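Q: Have a look at this one before I ask anything.
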Amino acid sequence: MTDNQYLESVIKTQCLSAEELKELEQHRLEIESLLREKIGSKPIIKYAGSKAKGTMIKENYDLDMVCYFLSDEGRTLKELYEYVKGILSAKYIVEPKASALRIKAQSNGSKIDYHIDVVPGKFIDETQKDVFLYVSTAEKERLKTNIKKHIVYISESNYKDVIKIVKLWRTRNNLRIKTFVLEILVVETLNDEKGLSLSEATICVLNNIYENIRSLKLVDPANSNNVLSDILSPSDKTLFSNKAKEALDIINDSSIDRVEKWKMVLQYPFSSDQSRSAPAVCIKREPVGSWCSDVNRNDQ
């Protein structure tokens, strides 16, 4: 097996099963039905996030549902956020985030995470393109963006498999970087690269993280005023760079079989005895969250 074949096999293991997708879709339909029942047909409710972009991985995922009100809606963004929260709270456990509402349920005394975030917003005009999102952590409590542009930018790139591998690496290392920021980082790194294999492209991304993450400027393709790289704190950037260096040191070690080194980087068990100890497989962690859940602390 080549290193590329191994990485492709890893991606296959990160696909949700038909049963898991069906359950996720059922929950989505339930939530949309509740919102439609209380709000009516006017808001635009649709998929966003990794599901719409084709970058979802099983080990760490959530389904983003946007609920966009028309531009003539009289309520403020904060009022709309609280309005949607109130509707959902009548049936679900709702955990507020900066811009999103995390949906959970109660069963036998335990919380069940539906892996669904509802993101309320309001179109800025009748063209129904750009939107304002409520942001509890921003000074002016709002962010202008365009989720459709995000979806097109990522889904039409040729790097979705690379994104999945890098997302898995991030999750296994408990790195605090939002999914959308990571997706933009991958695309921006590889846009000028041609003919790279999956493993070569992933190494290219790791090199960029190691060498440039402290100074790298990543901008929202839907709004150049949103500097996504500013979301990362200096300490997070340092940790991110150090973890990339650790991965690169393993990859560049000629004494390790090329498949085994990727198992080490992604923290999978070894298939054969090696001189190094194999890290244990990490258990499933709480989702790192969507970009909408924690946006740039500097107001846009």
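Q: Name the pairs whose Cβ atoms lie under 9 Å apart, with the first residue in the stretch 212-235 and among the basic types (Lys, Arg), the second open to solvent by 80 Å² or more (accessible area, probe 1.4 Å), and 6 or more positions between them or separate chains?
A: If the second residue must be open to solvent by 80 Å² or more (accessible area, probe 1.4 Å), the pairs left are Arg214/Pro234.
Matching residues to (1) part of a helix (DSSP H, G or I); (2) under 22 Å from Thr55 (Cβ atoms); (3) in contact with a Gly (Cβ under 6 Å, 6 or more places away or on another chain); (4) among the aliphatic types (A, V, I, L, M):
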| site | (1), (2), (3), (4) |
| --- | --- |
| Val162 | yes, yes, no, yes |
| Trp169 | yes, yes, no, no |
| Ala201 | yes, yes, no, yes |
| Glu211 | yes, no, no, no |
| Asp236 | yes, yes, no, no |
| Tyr268 | no, yes, no, no |
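Q: So how many residues does the stretch 70-94 have that are assigned to a helix (DSSP H, G or I) and open to solvent by 40 Å² or more (accessible area, probe 1.4 Å)? Before you say what the answer is, go through the steps one by one.
A: First, pick out the residues of the stretch 70-94 that are assigned to a helix (DSSP H, G or I): 77-89.
Then keep just the ones that are open to solvent by 40 Å² or more (accessible area, probe 1.4 Å); that gives 78-79, 82-83, 85-86, 89.
The total comes to 7.
Q: Out of all the residues in the stretch 198-226, which are within 17 Å of Thr179 (Cβ to Cβ) and touching a strand residue (DSSP E or B) at 6+ places or on another chain (Cβ under 9 Å)?
A: Across the stretch 198-226, the qualifying residues are Leu218, Val219, Asp220, Ala222, Asn226.
Q: Of all residues in the stretch 36-53, which are of a type in the set (A, V, I, L, M) and either over 26 Å from the mean Cα position of the chain (by Cα) or more than 30 Å from Lys160 (Cβ to Cβ) (or both)?
A: Ile39
Q: Any idea how many residues of the stretch 1-60 are of a type in the set (Asp, Glu), part of a helix (DSSP H, G or I) and surrounded by 14 or more Cβ atoms within 10 Å (Cβ to Cβ)?
A: The total comes to 5.
Q: Next up: Which condition from (1) of a type in the set (Asp, Glu); (2) modelled with pLDDT of 95 or more; (3) assigned to a helix (DSSP H, G or I) is the one that Asp230 breaks?
A: It fails just one condition, (2).
Q: Right, another one. Among what's in the stretch 172-198 and is of a type in the set (Ser, Thr, Tyr) and crowded, with 21+ Cβ neighbours inside 10 Å, pick the residue that is farthest from Asn252 (Cα to Cα). Spell out the reasoning first.
A: First, pick out the residues of the stretch 172-198 that are of a type in the set (Ser, Thr, Tyr): 179, 189, 197.
Going one step further and asking which of them are crowded, with 21+ Cβ neighbours inside 10 Å, we end up with 179, 189.
Values: Thr179: 27, Thr189: 20 Å.
Among those residues, the one meeting the criterion is Thr179.
Q: Still on this structure, please answer the following. Taking the criterion of being of a type in the set (A, V, I, L, M), closer than 22 Å to Val166 by Cβ and more than 17 Å from the chain's Cα centre (by Cα), would at least one residue in the stretch 7-23 satisfy it?
A: Within the stretch 7-23 (the criterion being of a type in the set (A, V, I, L, M), closer than 22 Å to Val166 by Cβ and more than 17 Å from the chain's Cα centre (by Cα)), the answer is yes, since at least one residue qualifies.
Q: Also: Within the stretch 220-241, work out how many residues are open to solvent by 40 Å² or more (accessible area, probe 1.4 Å) and farther than 22 Å from Ile165 by Cα.
A: 6
Q: Thr189 versus (1) closer than 30 Å to Ser33 by Cβ; (2) assigned to a helix (DSSP H, G or I): which is the lone unmet condition?
A: Of the numbered conditions (1) closer than 30 Å to Ser33 by Cβ; (2) assigned to a helix (DSSP H, G or I), the odd one out for Thr189 is (1).
Quick grid of which residues meet (1) open to solvent by 30 Å² or more (accessible area, probe 1.4 Å); (2) at pLDDT below 95; (3) over 28 Å from Met65 (Cα atoms); (4) touching a Phe, Trp or Tyr at 6+ places or on another chain (Cβ under 9 Å):
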{"site": "Asn252", "(1), (2), (3), (4)": "yes, no, yes, no"}
{"site": "Arg258", "(1), (2), (3), (4)": "yes, yes, yes, yes"}
{"site": "Phe270", "(1), (2), (3), (4)": "yes, yes, yes, no"}
{"site": "Cys292", "(1), (2), (3), (4)": "no, yes, no, yes"}
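Q: What's the number of the only condition in (1) free of Cβ contacts under 8 Å to residues at least 60 places away in the same chain; (2) open to solvent by less than 20 Å² (accessible area, probe 1.4 Å); (3) within 16 Å of the chain's Cα centre (by Cα) that Val205 fails to meet?
A: So Val205 meets the others, but not (3).
Q: Same structure again: As an exercise: evaluate Asn158 against (1) closer than 24 Å to Leu70 by Cα; (2) surrounded by fewer than 19 Cβ atoms within 10 Å (Cβ to Cβ); (3) of a type in the set (S, T, N, Q) and give the number of the one condition it does not meet.
A: (1)
Residue-by-condition table, conditions (1) farther than 27 Å from Leu190 by Cβ; (2) at pLDDT 95 or above; (3) out of contact with any helix residue (DSSP H, G or I) (no Cβ under 6 Å at 6 or more places or on another chain):
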position	(1), (2), (3)
Ser99	yes, no, no
Thr127	yes, no, yes
Ile151	no, no, no
Tyr159	no, yes, no
Val162	no, yes, no
Trp169	no, yes, yes
Arg172	no, no, yes
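The values are calculated or read from the model by the stated rules, or taken from the named source; none is laboratory data. Treat the numbers as computed from the prediction; the structure is a model and nothing was measured. Positions of Cβ are generated from backbone atoms using ideal geometry, with glycine treated the same way; all protein chains shown enter the neighbour counts. With ligands, DNA and RNA removed, areas are computed over all heavy atoms of the protein, side chains included. Shrake-Rupley method; radii C 1.70, N 1.55, O 1.52, S 1.80 Å.
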